[in-house]
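Remarks on the structure that follows.
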Amino acid sequence: MATSKEYAEFIQDKFARLDVVNIRPMMGEYVIHMAGKVLGFIGDDQLMLEPGPIIERILPNAEKRELFPGSKLFYIIPDGMSAGELCGIAEAIYDDLPISKPRKSKRQQKEAGQAKRFPFAKHFED
């Protein structure tokens, strides 16, 4: 089930005071970035934040669920949480968030793909 655009906008409004948070569509759902790190996801009209030791201390009794079968457990944030509380949690857990890997350019992806498919190609050039 895909997340509605209205719900994603509702969550975006809650993060409005943090100008480093942006929400992008991803395969029918949404990914939430905060200053270059993945803060969480919006899936099935639920806000889910990345796990870590600080969020565990802040929300010890929070409901958790997998983003997809076999994934780690994300913290489900209730819709009734105020924007101030949500932004405070985001700021508190930022240092716990994993650093995102830099994306490869299309050229680098193409070169990497060719290297994997033809590892011995240079031996056949003549």
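Tell me, what HN-Hα J-couplings in whole Hz come from the Karplus equation 6.51 cos²θ - 1.76 cosθ + 1.60 at θ = phi - 60° for each residue of segment 78-86, using x for Gly and Pro?
x, 4, x, 5, 6, 4, x, 5, 4
222 nm [θ] for the chain, helices only, -39500 (n - 2.57) per DSSP H run of 4+, per residue, to 500?
Using -39500 (n - 2.57) per qualifying helix, the result is -9000 deg cm²/dmol.
Can you pull the percent of the chain's accessible area that's carbon plus sulfur, 1.4 Å probe, other chains left in place?
Carbon plus sulfur share of accessible area: 56 percent.
Skip the ligands, DNA and RNA, and give the accessible area per residue of the chain with a 1.4 Å probe, whole Å².
68 Å²
The values are calculated or read from the model by the stated rules, or taken from the named source; none is laboratory data. Keep in mind the model is a prediction, meaning the values are calculated, not measured. Areas reflect the complete protein model, heavy atoms only, side chains present, ligands, DNA and RNA absent. Shrake-Rupley method; radii C 1.70, N 1.55, O 1.52, S 1.80 Å.
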